[in-house]
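K.L.:
Below is one structure. I have some questions about it.
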Ligand code: TYD
C-alpha cells in the first residue's frame, strides 16, 4: 500500500495539534516511518512566510496576497517535504493544509472556494490529501479551550469570521465526504483520540 498523506483540520481550539502529536506518537510506537508537519511552515522558507502571515505586529496585507503567500509556503512543503517522504514510504501527517485556506481565506475572508481551488490546482499540482480529519467543535467551545492570550492575526478575528470558517469546513466535508471525515471534537483528549484512531483504522487498516 502506498504511504498515505493525512491532514488534520479544525477551528481554533479544536485540539488539532494535540491529536496530530498523538497520531504521530502512535505511529512511532508501532515503528511506522512517518513525517509530521504543520502549516503554514515546515520548510525554511515556509517558516519565514509563517511569520509574515501570522504576526500582526508588522506588515498589513490584502486577503488575496495572504492566500498567495500561503500557497507559496504549501508549494515548498509539497515539493521539498511531502512528496519525497511519501516516495520513501513514510506516512505524512500535516497539521492544517488546503482545507484551512478554503475555510479561512475562501469562507472567512470571503474570497470564495472556487478561486482557492483553482489557485491550488495551478500552484500546488492540486495535491489533495488522501484523508482529512476535520475536528469539529462549536466556535465558542474552541475559544474557551484556548485559554491563553489571542496571539495571531486569525485568533484575533471577530466571532462571525470564525463562524464562517467552521461553516466552510463543514461545507467542504459535505462536498467531499470520501476525503474529509468530520470527527466530533468534544470530550476528553482520550475520547477524541479514540474517534480519530477509529477513522484511521477504517481507512488504512493495519498501518494504525
Ligand atoms: P497556528 O499557530 O498553527 O494555530 P492553530 O493551532 O490554530 O493551528 O496558526 C495557524 C493560523 O493560520 C490559524 O489561525 C489558521 C491560519 N491559516 C489560514 O488562515 N489559512 C491557511 O491556509 C493555514 C494553513 C492557516
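Read-outs throughout are calculated quantities, based only on the coordinates presented, and are distinct from any laboratory measurement. Please read these numbers as outputs of a predicted model, since none were measured by experiment. Here Cβ is always computed from backbone atoms with ideal geometry, including for glycine, and neighbour counts include all displayed protein chains.
K.L.:
For the chain, set up a Gaussian network in which alpha carbons nearer than 10 Å are linked by springs, and say which option among 103, 24, 60 fluctuates the most.
P.N.:
Result: 60 has the largest fluctuation of those listed.
K.L.:
What distance in nm separates the two pseudo spin-label positions at residue 59 and residue 79, each 7 Å out from Cα along the beta-carbon direction?
P.N.:
So the label points at residue 59 and residue 79 sit 2.0 nm apart.
K.L.:
Right, next: Among 30, 38, 166, determine the one that fluctuates most according to a GNM of the chain built with springs between C-alpha atoms less than 10 Å apart.
P.N.:
Result for the chain, Cα springs under 10 Å: 30 fluctuates most.
K.L.:
What is the order of 5, 154, fewest Cβ neighbours within 10 Å to most?
P.N.:
Numbers: 5 23, 154 19.
Going from sparsest to densest Cβ surroundings: 154, 5.
K.L.:
For each of 133, 197, count neighbouring Cβ atoms within 10 Å of the residue's Cβ, then give the residues from fewest to most. Intermediate values should be presented prior to the final figure.
P.N.:
On the way: 133 26, 197 15.
Final ranking by Cβ density, sparse to dense: 197, 133.
K.L.:
Hey, for a label at residue 87 modelled as a point 7 Å past Cα toward Cβ, could you say which residues of the stretch 1-36 have their backbone N under 15 Å away?
P.N.:
3
K.L.:
Which ordering of 18, 67 is given by a fewest-first count of other beta-carbon atoms within 10 Å? Please report the intermediate quantities before stating the final value.
P.N.:
Values: 18 16, 67 23.
The fewest-first ordering by Cβ neighbours comes to 18, 67.
K.L.:
Can you give the Rg to Rh ratio of the stretch 124-208, both from alpha-carbon atoms, with Rh computed by the Kirkwood formula? Mind showing how you got there, number by number?
P.N.:
Working: Rg = 14.8 Å, Rh = 14.7 Å.
Ratio value, two decimals: 1.01.
K.L.:
Divide, for the stretch 1-76, the radius of gyration over alpha carbons by 2.2 N^0.38 Å, where N is the residue count. Show your work: numbers first, answer last.
P.N.:
Details: Rg = 15.0 Å, N = 76, 2.2 N^0.38 = 11.4 Å.
Dividing the Cα radius of gyration by 2.2 N^0.38 Å gives 1.31.
K.L.:
Starting from the 7 Å offset along Cα-to-Cβ, what nm value, one decimal, do you get for the label separation of residue 44 and residue 123?
P.N.:
Spacing of the two 7 Å Cα→Cβ label points: 2.2 nm.
K.L.:
Taking the convex hull of the alpha carbon atoms in the stretch 5-207, what volume per residue do you get, in Å³? Numbers along the way, then the final one.
P.N.:
Details: hull volume 23.5 nm³, N = 203.
Looking at the stretch 5-207, the number lands at 116 Å³ per residue.
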